[in-house]
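Everything on this sheet refers to the single structure shown next.
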Amino acid sequence: MQHSLKKIIKPFIPQTVLREYQNIKIKKMLKPIPEVVGIENTNCCNAHCITCPHGTSRRKLGFMDINLSRHITDECVRLGIKNLAIGFFGEPLLDTLLIDRIDYAKKKGIEKVTTFSNAGCLNEDISRRLIESDLDKITISIDGLEQETYERVNIGLDYNKVSENVEKFIAMKRTFNNKKLSVIICSTVVEENRHEMEAYRSKYSKMLKDDGEVVLIAAFNWGGKHKINDAYIRKNRVPCHRPWNQLIFLIDGTAVLCCCDYDANVVVGDINKQSIPEIWKGAVLEDIRKCHLAREFVKIPLCNECSENYSVIQLKEGKENS
């Protein structure tokens, strides 16, 4: 009822008043430290999905040095950052040190450690090690219900193998009675698989039961760097939440604008030379936030052309900006 009332009233509120109200709320949400820190353990991948520009990246492929990831983790612990996401522009399970990174973070006291996978490498050994670790959440991408659809979207992956891996993983999780680990099964919705999504949600909801949830993700264009028909730039854009709540480090320790900045087009810092607070409160991020508050997205091409622009206000309310 309250949300419906807001929708009725909103068109009658002057844009200048609405903008000022939004900015006041957004400014209050800026914390001395990021809510979430992301560590790119690898930018190597075993797939060529149509939803991802991985094959066009200019960066050298590799893995984050274990001491560097521990340094970032130690910084998070020192600052009281509770959420650590391991993985960014690659397949995290290709990293033989992934479990070590998870275990180190949990033993040091990070409250929530998450990762993701396309499940192509989710064999019995890796499944067992993930389940026996203290990992809090894993998001598994399966972009299609039927084999033909899936393999058209997730090029390079075997549908039957992935399906078997996921089913065995969930069964093993129950065998080990690991009720803590949350499993998210997700699909990016594109033209090729849109017709399957209702049945997709039904199938995987029944499979997961109380072990997790199914999430459908709108296709996005990676800051305008990846052309995809289903991605669109929203009207009446408001400041994106990411400069206010997350910080992502690439394999070399470079801090980038957000999770769409896979080629480090907007470098906001370097953990090898700076602390997290120095980056977070630094001039680069401050200028980006000012541009967002002024709706001057054109000054940041990655933001200006991005289809994944969410309002901080609506994020807190659990709603996507439209």
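Being within 18 Å of Phe88 (Cβ to Cβ), of a type in the set (Phe, Trp, Tyr) and either modelled with pLDDT under 85 or surrounded by fewer than 17 Cβ atoms within 10 Å (Cβ to Cβ) (or both) is the filter here, so list the residues in region 220-254 that pass it. Reasoning before the result, please.
To start, the set of residues in region 220-254 that are within 18 Å of Phe88 (Cβ to Cβ) comprises 220-223, 225-226, 240-243, 245-254.
Keeping just the survivors that are of a type in the set (Phe, Trp, Tyr) gives 220, 222, 249.
Those that are within 18 Å of Phe88 (Cβ to Cβ), of a type in the set (Phe, Trp, Tyr) and either modelled with pLDDT under 85 or surrounded by fewer than 17 Cβ atoms within 10 Å (Cβ to Cβ) (or both): Phe220, Trp222.
For residues that are of a type in the set (Lys, Arg) and assigned to a helix (DSSP H, G or I), scanning just region 177-205, find the one that is least open to solvent (accessible area, probe 1.4 Å). Only one residue tops the list, namely Lys203.
What's the number of the condition Val37 fails, among (1) modelled with pLDDT of 85 or more; (2) under 30 Å from Glu296 (Cβ atoms); (3) assigned to a helix (DSSP H, G or I)? The single condition Val37 does not satisfy is (3). Residues in region 96-119 that are outside any loop (DSSP other than H, G, I, E, B), within 24 Å of Leu157 (Cα to Cα) and open to solvent by 10 Å² or more (accessible area, probe 1.4 Å): Ile99, Thr114, Phe116. Only one of the listed residues (Leu135, Leu68, Leu122, Leu93) is open to solvent by less than 30 Å² (accessible area, probe 1.4 Å), touching a strand residue (DSSP E or B) at 6+ places or on another chain (Cβ under 9 Å), within 30 Å of Ala199 (Cβ to Cβ) and assigned to a helix (DSSP H, G or I). That residue is Leu93. When region 259-280 is examined, which residues are found to be under 15 Å from Thr73 (Cα atoms) and open to solvent by 10 Å² or more (accessible area, probe 1.4 Å)? Result: Asp270, Asn272, Gln274, Ser275, Pro277. Answer yes if at least one residue in region 261-273 is among the acidic types (Asp, Glu), modelled with pLDDT under 90 and either in a loop (DSSP other than H, G, I, E, B) or in contact with a Ser or Thr (Cβ under 6 Å, 6 or more places away or on another chain) (or both), and no otherwise. No, every residue in region 261-273 fails to be among the acidic types (Asp, Glu), modelled with pLDDT under 90 and either in a loop (DSSP other than H, G, I, E, B) or in contact with a Ser or Thr (Cβ under 6 Å, 6 or more places away or on another chain) (or both). Here Lys106 meets each of (1) touching a Ser or Thr at 6+ places or on another chain (Cβ under 9 Å); (2) free of Cβ contacts under 8 Å to residues at least 40 places away in the same chain; (3) of a type in the set (D, E, K, R); (4) over 25 Å from Lys180 (Cβ atoms) with one exception, condition (4).
The values are calculated or read from the model by the stated rules, or taken from the named source; none is laboratory data. None of these values were measured; they are calculated from a predicted model. Using ideal geometry, Cβ is built from the backbone for each residue, glycine included, and neighbour counts are taken over all protein chains shown. Side chains are part of the model used for accessible areas, which takes the heavy atoms of the whole protein and leaves out ligands, DNA and RNA. Shrake-Rupley method; radii C 1.70, N 1.55, O 1.52, S 1.80 Å.
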